[in-house]
Amino acid sequence: PVLEQYLSPVMSLRSGFGQRAPPAEQVGGSSSRPRSSSRSTIRHLCRFAVAIFISGYFLAICWMNSIVSRDVAFGPMKMEKHDTGGGPNGHERTNVDPEEERMGLDIEDYIAEHERKISDVDTLGPNIIPFVILVSDRVDHFERSIASLRTSDFPSSNPILVSIDGHVPAMSEYVRSLRNEFNITLVHHPFSCRDHPDKFPGYDESLNVDYKGDTNGQNRLRGKTCAKHHWIWATKTSWDIYPFASTLFFTEEDYEYAPTIYGTLLAGKKMLTDDHFGIVLKPPSTAININHSEENWLMGVFESGPVAIHLSTWIKLIDSIDLFCKYDDYKWESSLKHLRWQGVVPDIVIYPTLNQIRHLELHNLQEGENVTSDKELQRFHSKEFNKNNERRIRRERGRISAPTPSGGWGHPKDHEHCLYVANYMGKLMTDIYSTS
């Protein structure tokens, strides 16, 4: 009715177009009527203009609110081309494989999970410690690993990111079956050797043409580079998904955990500083005179995972990513030790005197075997450092020699891809994974 009121004079004017002019005597009648009619028409036109302006204003506000609400709930879904001013080596990348632009994440799944779970994550506050689990195809190992989390103090709302090295239907199905029980996000490594068995980043015979070999003089071998490519992609992706976390725990499918795994990590997290690399959950092999019956926190030198990495360590690693990506060792742990030796990242980790993890690979999982015959993982509750930490660290450092590269990662193509993932993939992913 309001619009009809304002539109009526316009419609009356429109209806007059093309009609014959009234007789002169009608025009020459009372002079007050035409002037009043003109004023009325102008008044209605002004009202119409105001109505159009107000309607347009409110429509614009509604449109902008719809965009903002979509971005807040789901994250901006637009993937823009990145303008980084050059490639990893300071020059423009002109040979980017289209496969390298493909995301290994089901966006709809991600949105659904985070819409449902983000409020649960918020309730953890500073106690959040996302678990990042790198898996392949060993579903039986992963089932045992998850079973140990069920019987531990691990809160169901704490985030878990499962990164499958490629597309493994059986593993994907099992992970999805856990969604109602845990706060799980599932991603697939898009550059896996499994999905690319006969082309880069898998094995590609053409890459050995004119290649002089790695440190040991060996050609680029099938399957050798897979784990390091997966690790750097999953690690970079994890920090992009959980930018609010100060510590991420990186583990694999073939570890089981003690009943106090979460509480131990939480206690260690509160002791971490920028001078620490992170937290490991068992004493390193270089550890000296460990009393395994005494509950204490100790400091030592990083050797291998699983490891909870402090955000400051990750930032230092990215700042010197060339040293990681170009180090000729196919094991990511050895590459991190190289950075530690170079003084790029801290070498000190903190660890409990009681093992909080066990490697299932060391146990026989064949049917009929008793895999629980070993001593059960013990509960750990200490929140204090041992008083002899400084002397212990000096002695443990004295037992560490300079790392020797074991090869398997000498090809420039692997270096370039690693740098690309670390420097660029995350910038694209941030647009997708943002939840604020």
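What follows draws every value from the coordinates through simple rules; no lab data is involved. This is a predicted model, so every value here is computed, not measured. Here the Cβ is made from the backbone with ideal geometry for all residues, glycine too, and neighbour counts use every protein chain on show.
Could you sort the peptides 193-201, 332-340 by per-residue average Cβ neighbour count (10 Å cutoff), highest mean leading?
Numbers: 193-201: 17.8, 332-340: 21.8.
Peptide ranking by packing, descending: 332-340, 193-201.
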(message) On the principal axes of its Cα set, how long, how wide and how thick is the range 181-321? Give whole Å, largest value first.
(response) 56, 39, 31
(message) Order 160-166, 313-319, 216-222 from most to least packed using the mean count of other Cβ atoms within 10 Å.
(response) 160-166, 313-319, 216-222
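Once the other residues with Cβ under 10 Å from the Cβ of residue 135 are scored (Lys, Arg +1; Asp, Glu -1), what is the net sum? Could the numbers behind the result be given before it?
Numbers: positive: 138; negative: 137, 165, 252, 253, 254.
Result for the local shell: -4.
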(request) Could you tell me which of the pairs 228/282; 282/316; 199/413 are separated by over 18 angstrom between their Cα atoms in the structure shown? (result) 228/282; 282/316
(message) Using 0.36 nm times the number of residues separating residue 42 and residue 216, minus their current alpha carbon distance, what extension gain do you get?
(response) 53.6 nm
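What is the extension gain from residue 140 to residue 244, computed as 0.36 nm multiplied by their sequence separation minus the C-alpha to C-alpha distance, in nm to one decimal?
My answer for the length gained is 34.2 nm.
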(message) Residue by residue through the range 235-245, what is 3J(HN,Hα) from phi via Karplus (6.51 cos²θ - 1.76 cosθ + 1.60, θ = phi - 60°)? Round to whole Hz and write x for glycine and proline.
(response) 5, 4, 4, 4, 5, 6, 6, 10, x, 8, 8
(message) Rounded, prolate or oblate, given the Cα gyration tensor of the range 216-276, with a/c below 1.5 counting as rounded?
(response) prolate
